Amino acid sequence: MSEKEDLEETDRFPDGTIKLRNPHIAEMDQDILYHLALGSGSHDLVEMFSDVRYVCMGGTPKRMEGFANFIMDEIGYKLPTGTTLLDISYLSYRYSMYKVGPVLCFSHGMGIPSVGILLHEVIKLMYHAKCKNPIFFRLGTCGGIGIEGGNLVISESAVDGLMHPYLELPVLGKMQRRPAILDKQLAHELKDLRFESDPFSVTVGKTMCTYDFYEGQGRLDGAFCDYSEEDKLDFLHKIHQDNIVNMEMESLCFAALCHHAGIRCAVICVTLLNRLTGDQVSTSKEVLGKWQEYPQMLVSRYIKQQMGLP
Ligand code: R2B
Ligand code: URA
């Protein structure tokens with residue numbers, strides 16, 4: 001079943017705008033989106049953002065600024081002469097945000113807590129701005145499991161380090177669980193946008209999302225390590241047999257919160273290395289920079305196709 005069919009009718013209003021699962025927000029005089037340096041009282045969020053249809057996020061401000069400039073060229077969006085893109089959230093000193101017509105780009109930092117805070121505020125932004133049927137993309141990096149560096153993985157589902165397919169968060173002293181469900185149809189639509197001539201392969205598969213880059217991903221090169229190389233390889237081969245094809249640090253939360261908000265979403269990551277053969281990211285910065293453009297190429301093709309552009 002596709003994510004679209006799976007969404008309950010109550011997840012969005014008939015016009016495609018977001019229903020917030022929080023009765024308190026509507027009762028507040030204003031809502032301050034603190035980490036975005038925006039607010040429903042201080043800014044006309046409908047005027048600024050109601051045309052947004054595609055929300056693209058990735059780890060670093062530089063990469064997302066690069067993506068914003070790339071997508072601007074791709075969709076033929078013109079800024080007034082003599083102006084450049086502005087980081088709308090620069091006053092927050094936390095996340096960066098760039099708007100290019102219907103595309104909104106964010107940096108989300110590293111890990112579940114960082115992307116989680118951002119998602120709360122971006123989902124509320126979609127609600128306040130009355131955005132219709134927005135689609136969320138994470139364009140990231142990852143470690144491949146059995147996949148060499150420089151190739152793409154689109155997550156069809158996400159699990160935590162114990163293979164649980166849900167996000168756990170202690171709320172008021174109790175563990176809350178939210179299923180981490182991604183849109184399989186969207187994942188395959190993105191995969192189909194690969195050209196024969198592309199220098200990368202595209203795998204749709206299961207992603208393990210961890211709370212740490214080093215011990216959490218079974219690396220031997222952290223400041224601490226209490227296991228052997230054999231233990232590490234046993235684990236990586238075992239999860240590979242369970243169809244895990246990559247590891248990263250945000251997909252679980254991204255999938256869980258988007259699904260809970262009734263938002264279609266996809267995670268597209270480029271592999272930086274094959275974890276079955278190493279731990280250190282030793283490829284040159286120049287090559288890594290090129291690889292990180294690969295997720296952007298697929299997402300840009302998707303957005304252009306949706307916008308009816310050649
Ligand atoms: C991929 O790369 C980062 C760690 O280097 C992390 O944000 C992730 O998910
Ligand atoms: N990001 C991760 O989380 N792990 C890797 O191995 C590479 C990038």
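The values are calculated or read from the model by the stated rules, or taken from the named source; none is laboratory data. Being a predicted model, the structure only gives us computed values, none of them experimental. Quick note on the areas: whole protein, heavy atoms, side chains included, nothing else; ligands and nucleic acids left out. Shrake-Rupley method; radii C 1.70, N 1.55, O 1.52, S 1.80 Å.
Structure values in brief
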read-out	value
Å² per residue, accessible surface of the chain at 1.4 Å	48
Cross-link pairs beyond the 27 Å C-alpha cut-off, checked among LYS62/LYS174; LYS132/LYS304; LYS132/LYS191; LYS206/LYS232; LYS130/LYS206	LYS62/LYS174; LYS130/LYS206
Highest-fluctuation residue, GLU47, GLU196, GLU121 considered, GNM on the chain with Cα pairs under 10 Å	GLU196
Per-q log10 I(q)/I(0), the chain, q = 0.08, 0.09, 0.14 Å⁻¹ (Debye; single scatterer per alpha-carbon; no solvent)	-0.35, -0.44, -1.09
Acute angle (nearest 10 degrees) that the helix 251-261 long axis makes with the longest principal axis of the chain, alpha-carbon atoms	30
Bins of 5 Å, starting at 0 and running to the largest distance - Cα pair percent for the stretch 152-221	4, 14, 17, 17, 17, 13, 10, 4, 2, 1, 0
Carbon/sulfur fraction of accessible area - the stretch 29-186, other protein chains in place, 1.4 Å, %	56
Principal-axis tilt of helix 61-75 within the chain, Cα atoms, nearest 10 degrees	60
Among MET208, MET175, MET247: highest mean-square fluctuation, GNM of the chain, C-alpha pairs under 10 Å	MET175
Candidates VAL100, VAL287, VAL270, ranked by Gaussian network fluctuation over the chain, Cα under 10 Å, top entry	VAL287
Percent antiparallel among DSSP beta bridges (both partners in the chain, rounded to 5)	40
Cα long-axis angle, helix 112-129 against the chain (0 to 90 degrees, to the nearest 10)	20
Diffusion constant of the stretch 200-310 at 37 °C, which comes from Stokes-Einstein with the Kirkwood Cα-pair radius and 0.692 mPa s, µm²/s	203
